Amino acid sequence: MTQNIRAIYLRGQLLGNDPHAFSIFGDCQSHPDVFLGVFETDPEVQQSLPPAFKDMLVNFTGSFNRESPTIKDGTTTGGLLSPLWHAGTFGCGVTETPMDCELRLHKPSFVFINVGTHWVVRNREYLHTISTTLIEQGVVPILVTKADEREQGDKINQDLADLAVEMNLPLWNFYASVTDLPDMGLYAKPNQGGLGKIYLGDEAIERYRLGGISALYAVWQAAITP
């Protein structure tokens, strides 16, 4: 896998991708205030990280706390491929998908694929399309499993695991990191139309953030180390 990560990354550098940029394709759990934004905005959190991680913070400054057309409440894999999903925000063209818009604007070298709470029937097909597009453009996908099983049967996590094996891609198994927490560290918000326990509690968020930055570090090192 390490060789594949580096090969994708090096191709992206030849294509003009930014070695100091990463993006997140995700839903409400991917907004900066929930996910990785704290690593850019909170000096105390920054100081608590290992020295090697601090080098990474400098390298990717501007990506951790960034909103984008590929982060939106309710985002699905299908939404990332629909020009209607970004609603013309962030400077996206009317015929441009959120994914294509983000790749054009930010030129990331790495992308977290962090969607799945909202199930779509063609999820596996869309995941494959997204990952293939990223690889062709020299962007390293980082697949992320989810804690909830709202679709019943854990189909989305299985799709992610299968794709990681099929395409030799990095998989951050967030699901495994919260299995010891009551209700997987999830809770339900009132007046959410029966969505159920899909939101991360405080302990789960701490693991989510640390797992995310650790995954980024591992993949980044695999990409830049000869």
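Look at region 166-215 and say how many of its residues are in a strand (DSSP E or B) and either free of Cβ contacts under 8 Å to residues at least 60 places away in the same chain or under 19 Å from Met1 (Cβ atoms) (or both).
4
I'd like the full set of residues that are farther than 23 Å from Leu57 by Cα and open to solvent by 50 Å² or more (accessible area, probe 1.4 Å), limited to region 168-187.
Of everything in region 168-187, those that are farther than 23 Å from Leu57 by Cα and open to solvent by 50 Å² or more (accessible area, probe 1.4 Å) turn out to be Asn168, Tyr175, Ala176, Thr179, Asp180, Pro182, Asp183, Tyr187.
What's the number of the condition Ser48 fails, among (1) touching a residue at least 24 places away in the same chain (Cβ under 8 Å); (2) surrounded by fewer than 14 Cβ atoms within 10 Å (Cβ to Cβ)?
Exception for Ser48: condition (1).
Among the small types (Gly, Ala, Ser), free of Cβ contacts under 8 Å to residues at least 12 places away in the same chain and either surrounded by fewer than 21 Cβ atoms within 10 Å (Cβ to Cβ) or within 15 Å of Arg209 (Cα to Cα) (or both): is that true of Gly93 in this structure?
When the stated conditions are applied, Gly93 passes them.
In region 54-90, how many residues are at negative phi, of a type in the set (Phe, Trp, Tyr) and either open to solvent by 60 Å² or more (accessible area, probe 1.4 Å) or modelled with pLDDT under 95 (or both)?
Residues meeting the conditions: 1.
If Asp42 meets every condition in (1) farther than 22 Å from Ala204 by Cβ; (2) open to solvent by 50 Å² or more (accessible area, probe 1.4 Å) apart from one, which number is that one?
(1)
Which condition from (1) touching a residue at least 12 places away in the same chain (Cβ under 8 Å); (2) at negative phi; (3) among the small types (Gly, Ala, Ser) is the one that Ala7 breaks?
(1)
Would you pick out the residues in region 93-147 that are touching a helix residue (DSSP H, G or I) at 6+ places or on another chain (Cβ under 9 Å), of a type in the set (Lys, Arg) and assigned to a helix (DSSP H, G or I)?
Matches in region 93-147: Arg124 only.
Closer than 20 Å to Leu36 by Cα and open to solvent by 60 Å² or more (accessible area, probe 1.4 Å): is that true of Leu143 in this structure?
no
The values are calculated or read from the model by the stated rules, or taken from the named source; none is laboratory data. Small disclaimer: the values here were computed from a predicted structure and weren't measured. For neighbour counting, all protein chains shown are included, and Cβ atoms are generated from backbone atoms with ideal geometry for every residue, glycine included. Side chains are part of the model used for accessible areas, which takes the heavy atoms of the whole protein and leaves out ligands, DNA and RNA. Shrake-Rupley method; radii C 1.70, N 1.55, O 1.52, S 1.80 Å.
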